[in-house]
Amino acid sequence: NKMKKLIILSIFLTIFSGCQNENHHMSINDPVGIDTVYESGKLKIKGQNSPFVVFFFSATCGACSEQVPSLIELGKKFKNVKFIGIMGNSQGFDKDMKILKEKGVDFLTISSPKSVDYFSNAVGGIYGVPATFLFDKDGKIVKKYIGLTSKNIIEKDIKSLL
């Protein structure tokens, strides 16, 4: 069973996560995680040569739940654009996985407090959710969307970077 293997792999990776580079952030729904480097005001993702989106949300935020379907649709439309969810207020692996499943989140999502802090610092701090950031292929923030944002607006901005 795929879920059982994912859980076992996640537990194994969690146990050994103290040995990893601080710029490798484990995802709760993708055991590969994501390798990043933040320097000179830019967030670079290893192997990413196209724009990417970082979406900050929480499990209890109604507007966040409304934003998720738009981001899922855009992720399917723009296959080369990486969508990364940063879920604050982690409730632990099992509860976080359940929340993602209930909300239909299929993009890479990170919820460990250390990783949430890392990404929050990389965008200059998060003071409310939902907050969505569009980065160009060089890792520079080109758009900030605070609050629920129309899918059409985000789509137009992504297209302008491609």
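The values are calculated or read from the model by the stated rules, or taken from the named source; none is laboratory data. This one's a predicted model, so the numbers in the text were calculated from it and none came from an experiment. When we count neighbours, we look across all protein chains shown, and the Cβ atoms used for this are built from the backbone with ideal geometry, even at glycine. Just the protein is used for accessible areas: all its heavy atoms, side chains included, with ligands, DNA and RNA removed. Shrake-Rupley method; radii C 1.70, N 1.55, O 1.52, S 1.80 Å.
Working only within the range 79-106, note down all residues that are open to solvent by less than 40 Å² (accessible area, probe 1.4 Å) and under 21 Å from V37 (Cβ atoms).
Passing the criteria: V81, F83, I84, G85, I86.
Return yes or no: is S160 hydroxyl-bearing (S, T, Y) and modelled with pLDDT of 95 or more?
Against the criterion (hydroxyl-bearing (S, T, Y) and modelled with pLDDT of 95 or more), S160 qualifies.
All but one of (1) in contact (Cβ under 8 Å) with a residue 12 or more places away in the chain; (2) open to solvent by 60 Å² or more (accessible area, probe 1.4 Å); (3) farther than 23 Å from Y38 by Cα hold for Q67; which doesn't?
(2)
Is it the case, given these coordinates, that S50 is at pLDDT 90 or above, more than 16 Å from S120 (Cα to Cα) and open to solvent by less than 40 Å² (accessible area, probe 1.4 Å)? So that I can check it myself, show each step before the final result.
Details: at pLDDT 90 or above: yes; more than 16 Å from S120 (Cα to Cα): yes; open to solvent by less than 40 Å² (accessible area, probe 1.4 Å): yes.
Criteria met by S50.
Among the residues of the range 33-47, count how many are on the phi > 0 side of the Ramachandran plot and surrounded by 14 or more Cβ atoms within 10 Å (Cβ to Cβ).
Going residue by residue through the range 33-47, those that are on the phi > 0 side of the Ramachandran plot are 33, 40-41, 47.
Add one more test, that the residue is surrounded by 14 or more Cβ atoms within 10 Å (Cβ to Cβ), and what stays is 33.
Counting residues in the range 33-47 that are on the phi > 0 side of the Ramachandran plot and surrounded by 14 or more Cβ atoms within 10 Å (Cβ to Cβ) gives 1.
Scan the range 117-162 for residues that are in contact (Cβ under 8 Å) with a residue 24 or more places away in the chain, out of contact with any strand residue (DSSP E or B) (no Cβ under 7 Å at 6 or more places or on another chain) and open to solvent by 70 Å² or more (accessible area, probe 1.4 Å) and report the count.
4
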